[in-house]
Amino acid sequence: MLLVKYKLDKERKKNVDQKRLVLISGIVGPMKSSNQSFINTVKGYLDNGFKVYHFAFYSKKNQKYELSALLKYENYKFFGIPNFLSYFVNGRKRKKNHKKNHNFWQLPNPNEIIKPHSELTKSQFIFKLLYDIFESLRQLIITPFLKPDIIYAYEIYAVMPGCLISKILNKPFVKRFQGTFIDKDNIESKTTLFHKKAYEKDCTLNIITNDGTKGDVVLKKLGFKDDKILFLLSGLDERITKPAEKIKIQELKGKLKLEDKDLVLGIFNRFYPFKRVDRAVQLIKELKKEINNPHLLIGGMSGPMEIPIKKFVKDNKLENYVTFLGQVKYDDMLTYYNICDVILILNDYANTGNQLLEAAYLGKQTIATDDGSNSKVLKFDNIHYVNPHNFLEEALKDALEIYKNKDRVKEKINKDILTWEERMKIEINKIDEIIAKWDK
């Protein structure tokens, strides 16, 4: 009897001591082939004893998102929307519009820079307005009963509802951004006013990823002091730090018929203009003139550049030199990295992301466009930075040099890069400080 009472008292104390975080993420979440930042952030809080109440604008059953790893936690509670509504918002309607825009793109010059297009359309404006109303009402109805210690708005859609409920409940308000679309030299641009309204909203702390987009500079220009900005690189996912399975590597090489290839290059990115997958096919076109049997693997979700890139491959008779993998699950990324001789990370924007960290850690020979930040932050011998204005010449030179020394260069793990667990400890220490001061 005494033992049962002790266990009950211990459980009550645990519930009282457990910090409660309301996470609002809108349409942002743990997608199957990307956004490791999101899932590792949430797991970081869960593993450090926080109770996380996650409000999202999608369903548990939505096939775009992979929530299973989070749903295993007892201290994680998910508040979504009905599946039929989630499918309408994130699925069928978007695919239709996506297909419509494909044919307007031609391959750009590989030596020109393309910035992301983020202008808010009329339909997006209406959706954002309706979402703000829906989420604000949901927060007003549910969140007071959850008694949160802190409100955490993940990306721009979540900011307005998060700000509202934090003021009503008088709780600290944190904004989290995975980089920015706002041009630090053109903050007042009409194309990013939608983003600016979220970024300039006052808060207790801004947490922004150092991904090469200069988000810290943008926040400072919007009036935030250093004490309200936490500017961090992403961390390494634990799935990348585990030893690769040799059997899986050999099986995948055989499946893709790569055993006889002289140099295997891989690019794993969405087919969006500023992600510059087009540069990879233009590089392989030049590389095959110098090397007998190079091969390019392209993995990633569809986007407006997919059709013109595939057309370029066909028109230039590159079908035997390029394999389109489609969407690659993140669980398989370590194996894909290991079948490549060269990783290509060619974004014109946000090129200091997870992939560059992973390639640096694994010691993989990597050709990356210099975004003005990555070459200063991640200086490793295996990363070959190229000037985007002279991409084709420099990338071709580096690829040939890698090929020439392929058998002499050994891949070496770089242990100087933080894991997600280590990176999240820095963030959570800051959050703990905020909660402690707020309660005094």
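The values are calculated or read from the model by the stated rules, or taken from the named source; none is laboratory data. These numbers were taken from a predicted model, which means no experiment stands behind them. Note that each Cβ is placed from the backbone with ideal geometry, even for glycine, and that neighbours are counted across all protein chains shown.
When only residues in region 310-340 that are of a type in the set (A, V, I, L, M) and under 23 Å from the mean Cα position of the chain (by Cα) count, which is surrounded by the fewest Cβ atoms within 10 Å (Cβ to Cβ)? Filtering first and then ranking leaves L325. Taking the stated definitions as given, is G299 closer than 21 Å to A395 by Cβ, touching a Cys at 6+ places or on another chain (Cβ under 6 Å) and not assigned by TED's automatic domain parsing to the domain that holds N206? Taking the combined requirement at face value, the residue does not satisfy it. When region 119-153 is limited to residues that are surrounded by fewer than 17 Cβ atoms within 10 Å (Cβ to Cβ) and outside any helix (DSSP H, G or I), the one that is farthest from the chain's Cα centre (by Cα) turns out to be K147. Filtering region 164-202 to residues that are of a type in the set (K, R) and either without any contact (Cβ under 8 Å) to a residue 60 or more places away in the chain or in a helix (DSSP H, G or I) (or both) leaves K167, K175, K184, K190, K196, K197, K201. Counting the residues of region 27-55 that are under 17 Å from the mean Cα position of the chain (by Cα), buried (at least 23 other Cβ atoms within 10 Å of the Cβ) and more than 24 Å from L357 (Cα to Cα) gives 0.
Scanning region 203-261 for residues that are hydrophobic (A, V, I, L, M, F, W, C), assigned by TED's automatic domain parsing to the domain that holds T192 and without any contact (Cβ under 8 Å) to a residue 40 or more places away in the chain yields a total of 8. Under the condition of being outside any loop (DSSP other than H, G, I, E, B) and of a type outside the set (G, A, S), the residues counted in region 316-333 number 8. Do you know which residues across region 208-219 are surrounded by fewer than 22 Cβ atoms within 10 Å (Cβ to Cβ) and among the hydrophobic types (A, V, I, L, M, F, W, C)? Once the filter is applied, which keeps residues that are surrounded by fewer than 22 Cβ atoms within 10 Å (Cβ to Cβ) and among the hydrophobic types (A, V, I, L, M, F, W, C), region 208-219 yields only V217. Of all the listed residues (Y361, Y349), the sole one being assigned by TED's automatic domain parsing to the domain that holds I309, within 20 Å of the chain's Cα centre (by Cα) and within 30 Å of L46 (Cβ to Cβ) is Y361. A residue that is free of Cβ contacts under 8 Å to residues at least 60 places away in the same chain and farther than 20 Å from D262 by Cα can be found somewhere in region 348-358.
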